[in-house]
Every structure is written in structure tokens, then in C-alpha cells.
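Okay, structure first, notes after.
The values are calculated or read from the model by the stated rules, or taken from the named source; none is laboratory data. What you see is a predicted model, and the numbers here were worked out from it, not measured in a lab. A quick note on method: Cβ atoms are made from the backbone with ideal geometry, for glycine too, and the neighbour counts reach across all protein chains shown. Protein only, heavy atoms only, side chains kept; ligands, DNA and RNA dropped before computing areas. Shrake-Rupley method; radii C 1.70, N 1.55, O 1.52, S 1.80 Å.
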Amino acid sequence: PSREATRCVMRLRYNISTTDYDPFNTFSDSDGDEVLKNNPQLDILGNGQTLKLAINTAQFGRTFQDRSHVYTVLPRTAAMAGKTLYNLNVRGKRGNAEQTYPATEYDFVPDRLKVRKDDLLHIQWTGSNSHDNNNDGAAGQGAAGTDRHNMLEMEAFGKSIPFLLTETKFWGDVTSLTDPKATSQDIAIGLATSGFFCAKNTTHVCGAKDTLTQKTTKIDDELDNAPASYFGHVLQFKKPSSMFYMCSRNNAFSNRSQKGALWVTDDEV
């Protein structure tokens, strides 16, 4: 690796092909060569009576999905060297279970994570302001066509109401390696608002105009004016601890659950 920030492109394709022709040496200019015919009739019995095969040549070499993603790989800082770094992210898309199939509804991933005290954890997520479910429906909270996420500590996995900022316990057990000046409250505020308020007060990363104490714009109660994607923090743990957490916008009881659990332990994982 170059140890420098590097922009990367990942392309994912779901292809399905047959071996009835040479897939590596047959191209679109072979269309008139009759490599294969639609619904051919074969004289299997040799007596002129044919059996028809269900063949659609338009589908014999086909790309069903083609997705491209652009992302940046960042170098580790000196404080991260030699440590196991876990990624806590989100998955899924807007909609209910039927609308998102064969994908999934919103969820944290992994939604149950156990790490060692000396490990590191990067909490981050990505989203979109132009979600299109191809007229299949897009049930959910907030403005149509948008993804939003946040992370709020709660008492237990069975709960659906999070702690207030003054009630949180877990954030006092962590520090941020990507924003070393950030306090426990700064970290909690950033994750609770998806970076709309990046901290309570100015830090190395958070400018005064985006802090809770100085930003004059109010946050939308369904996060519509918050960033769709959030870099978050790479966290270092002070001691063994645990946290249950939820997303205030997408955790809609009996419709969808966006919750997670994190255990920090001295034991091997």
C-alpha cells in the first residue's frame, strides 16, 4: 500500500451465462452467425418429430446487476498501527421488507459485535439523497428518496426509546483517534445527528459554525437536513464496556428494527 489517501472504484456485476457457446470468444458481432437460435426444435428421436427447447438467446449471457461504487482508502495514523480495526456501518435500503427484497431493510452491520479492549472501532455510514426503488414503493420515515442514519445509546435491546444525552454511559469509555480533542459528549452528539452537529464545541475536526453551541440552524426531527453520509469516528476503548443502540429515524416498531449491540471485553473474540 502507498500509505496515502487513495481513491478507488469498485464495480460489482451479477452475470449468468451458459457454456453452450464459448463465452470468452463470442461477442455482439456474432449475432448473424446463428451460434444459437431462439426456441430451437430438435429431432431428438430421429423420426422428424421435434422437441422445442425454451431458449431465449437474449438471456444466454446476461448481466442482471451492475453497480459501481467510488470510495477512498485512508492510511492509518500512528496510533492505529498494529491494531485490529473493526468497521461498524449500515446496510439495506429504503422501503419495507417486500419493497426491498431481495435486498434488506435498513440495519446496522454487524448488528452484534464483540471486540477486545485493545481493538479499534470505526463507526461510519453512507446514504443517498436520490433513492429510487423503481416504483416498487419506498416506505419509511423522512423525506422521500432519502437515506438517513444515526446512533443513540439505549438501555437494553428490547427498548425502543433511547437515552437522552445527559443519560448516556458508554461514550465516557471511549476516545476518538480521528478527532483527539473530541470529548465523550462531542462523539455522542456527532453520532446522534449524523454530523449535522459535529461536536458540542470546536475540535480539531469540527469548526465552530457546525457545533451544537454555535450553529443556528435547527436539526430536522427526522434528520432530513442532516448529511446522508457520515465519516464518524475511529474509537479507542478505555476499559471493557457495552452498549445497546438504535437509529431514531428508521427503528419503527413492528415495521423495521434498526438496533445493535456492542460488547468490549478483555477476553479473546
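Data table
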| read-out | value |
| --- | --- |
| Peptides ranked, highest mean first, by Cβ atoms within 10 Å: ranges 10-19, 185-194 | 185-194, 10-19 |
| Inter-probe distance in nm under a simple model that places probes 7 Å from Cα toward Cβ, at T104 and T213 | 4.0 nm |
| Approximate spin-label separation S160-K238, in nm, with each point projected 7 Å along Cα-to-Cβ | 3.4 nm |
| Cα centroid of region 157-180 to Cα centroid of region 1-18, whole Å | 34 Å |
| Protein-only accessible surface order, largest first, of C206, C8 at 1.4 Å | C8, C206 |
| Packing-based ranking, highest mean first, of 72-80, 113-121 given that Cβ atoms within 10 Å are counted | 113-121, 72-80 |
| Zone of T77's modelled label, taken as backbone nitrogen in region 225-269 under 16 Å from a point 7 Å along Cα→Cβ | 231-238 |
| Accessible-area composition of the chain, carbon plus sulfur, in percent [1.4 Å probe] | 49 percent |
| Option label - Rg/Rh (Cα atoms, Kirkwood Rh) computed here, alternatives (1) 1.14; (2) 1.03; (3) 1.56 | (1) |
| Contact order normalised by residue count of the chain, Cα under 8 Å, 6+ apart, percent | 20 percent |
| Cysteines having no other Cys beta carbon under 4.7 Å from their own, within the chain | C8, C247 |
| The chain - accessible surface per residue (Å², probe 1.4 Å) | 61 Å² |
| Loop-resident sites, region 182-247, for trypsin sites (Lys or Arg not before Pro), counting at most 13 other Cβ within 10 Å (DSSP) | K218, K238 |
| Among F170, L152, A138 the positive-end extreme of the charge dipole of region 32-175 (Cβ point charges) | F170 |
| Cα-centred dipole magnitude for region 41-118, charges only on beta-carbon of K, R (+1) and D, E (-1), debye, nearest 20 | 520 debye |
| For the chain, size of Cβ-based charge dipole, Lys and Arg +1, Asp and Glu -1, in debye | 980 debye |
| Residue-averaged 222 nm ellipticity for the chain, from DSSP H runs of 4+ at -39500 (n - 2.57), nearest 500 | -1000 deg cm²/dmol |
| Charged-residue dipole, Cβ positions (Lys, Arg, Asp, Glu), region 132-269 about Cα centre, Debye nearest 20 | 360 debye |
| Selection from A226, T183, T63, by position along the positive dipole direction of the chain (Cβ) | T183 |
| Cα-based convex hull, region 168-228, per residue volume (Å³, whole number) | 85 Å³ |
| Two-site FRET efficiency, V35 against Q65, from Cβ-Cβ distance with R₀ of 25 Å, rounded to 0.05 | 0.50 |
